[in-house]
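Here, each number is a calculation from the coordinates, and none is a lab measurement. Computed from a predicted model, the values in this text were never measured in an experiment. Every residue, glycine among them, receives a Cβ derived from its backbone with ideal geometry; neighbour counts consider all protein chains shown.
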Amino acid sequence: MLKILFRTVMILMAAGIVAGGLYLYASNTNSGMSNFPGERGGSTSDQVEAPSLTNPEVPSTGRGGGPGGLHGGGFEEGGFLEGGMERGREGGSLLSWLGVLTQAGKIAVITIVIAVIQIIVKTIRRKHSQTLPQSTSVST
Amino acid sequence: MNKKNFVIDIIIFLAFLVAMEPNFSGVAVHEWLSLALAATIVVHLLLHWDWIITIGSQFFKKLWHTSRLKFVVDILLFISVVAIMISGIMISRVILPTLGVEIQSGMAWRVIHSTSADLSILLLGVHFALNWSWVWDKCKRYIFSPIGRLFKHKTTQPAIAVINDEPGS
């Protein structure tokens, strides 16, 4: 029991290291993004014009119309980064089965390609090992 | 042990497929299922702990070995899955509000989430291919053989029935 607990802690620690690295990366990137127009924390004139929670009357110049432009709804819901997630909020449409099948298909294609490469490599190695003793016997 | 591993692997694979398609499941199921998947992956790692330690300790001793490639792919897959989970929590719209937590998520988390999701599909395919012989062996033992035996049993049953129905028997 103690062993399992220790191993679980080790796995979580490894995950924590990755998470920490990601957090540093994301926080740096986000602070870099805040200089873009419309992003929270930005210092451009666009941000002043963008509507905020304190001043909702000011019209938005961002595409999504939410507060803060780029981050706070600057991209449309269901846009390219969301992958149309909003459309599937309820989920369960019959057509969305195709999405699951597509993911399975992608994995299957990658698996088959690598399996074929493995078979080819094995065949080449086998042929190579078959020809190698013959050549040595000829040379001797 | 092998059967347990196989069942857990199938569950992880199916849950991963469903979680990768939020249009199919909806955002709430997508998030909660992914969180459950994280716990299942920890169990998967615990079940393969001895292999991880053995290969990890011999990692720099023997170059160009299939296990070494598997180890590298598995580490990349682990990093990718952790990236999906963490970024998913950071951009969560169901789990965190349910728990009453508010986080200022940025654009970078969304980019990390989608990129690591795409990468994990690729790595899962490689992981699957590198362990193909084990998967195929277990599929034969626990899926195809029982189904085959079921059909054999069904085809032999009517013959017995006919023999029993013969007059004078």
(Q) Quick check on the exposure proxy: order B:S120, A:S129 from fewest to most C-beta atoms within 10 angstrom. (A) A:S129, B:S120
Q: Measure out, as a whole number of angstrom, how far apart the alpha-carbon centroids of segment B:1-34 and segment B:121-153 sit.
A: 18 Å
**Q.** Distance (nanometres) between label positions extended 7 Å along Cα→Cβ at A:V113 and A:V9
**A.** 4.3 nm
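FRET efficiency for A:M1 and B:A36, Cβ-Cβ distance as r, R0 = 35 Å, nearest 0.05? Intermediate values should be presented prior to the final figure.
On the way: r = 22 Å, r/R0 = 0.64.
My answer for the efficiency is 0.95.
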Q) Gain in length, B:V94 to B:F13, computed as 0.36 nm per residue apart minus the alpha-carbon separation, to one decimal in nm? A) 26.8 nm
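At a threshold of 8 angstrom on Cα-Cα distance, excluding pairs fewer than six apart, so keeping six or more, what relative contact order does segment B:1-128 reach in percent?
24 percent
Among B:V29, A:V113, what is the fewest-to-most ranking by other Cβ atoms within 10 Å? The partial results should precede the final answer.
Values: B:V29 17, A:V113 13.
In increasing order of surrounding Cβ atoms, one gets A:V113, B:V29.
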Q | Separation in nanometres of the label points that stand 7 Å from Cα toward Cβ, at A:Q130 and B:L47 | A | 3.8 nm
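With 10 angstrom as the radius, rank B:M90, B:M20, A:M1, A:M10 by how many other C-beta atoms surround their C-beta, starting from the fewest. Display every interim value, and only then the final one.
Working: B:M90 21, B:M20 25, A:M1 5, A:M10 14.
Lowest to highest Cβ neighbour count: A:M1, A:M10, B:M90, B:M20.
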Q: Taking only Cα atoms and a 10 Å spring cutoff, compute GNM fluctuations for chain B and point out the largest among B:R93, B:R149, B:R141.
A: B:R149
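Over 21 Å between Cα atoms: which of A:K3/B:K61; A:K122/B:K70; A:K122/B:K3; A:K122/B:K61; A:K127/B:K140; B:K70/B:K138 fall into that group? All intermediate terms of the calculation are to be shown ahead of the outcome.
Details: A:K3/B:K61 27 Å; A:K122/B:K70 16 Å; A:K122/B:K3 28 Å; A:K122/B:K61 23 Å; A:K127/B:K140 29 Å; B:K70/B:K138 19 Å.
Flagged as over cut-off: A:K3/B:K61; A:K122/B:K3; A:K122/B:K61; A:K127/B:K140.
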Q: Between B:S114 and B:S57, take the C-beta separation as r, use R0 = 35 Å, and let me know the FRET efficiency to the nearest 0.05.
A: 0.50
Q) Taking chain B as a Gaussian network, where each spring joins two C-alpha atoms under 10 Å apart, which residue of B:K70, B:K138, B:K152 fluctuates the most? A) B:K152
Q. Points 7 angstrom from Cα along the Cβ direction at B:V72 and B:E102: gap in nanometres?
A. 4.7 nm
Q) If you take the beta carbon distance between A:L98 and B:K140 as r and set R0 to 22 Å, what does 1/(1 + (r/R0)^6) give as a FRET efficiency, to the nearest 0.05? A) 0.15
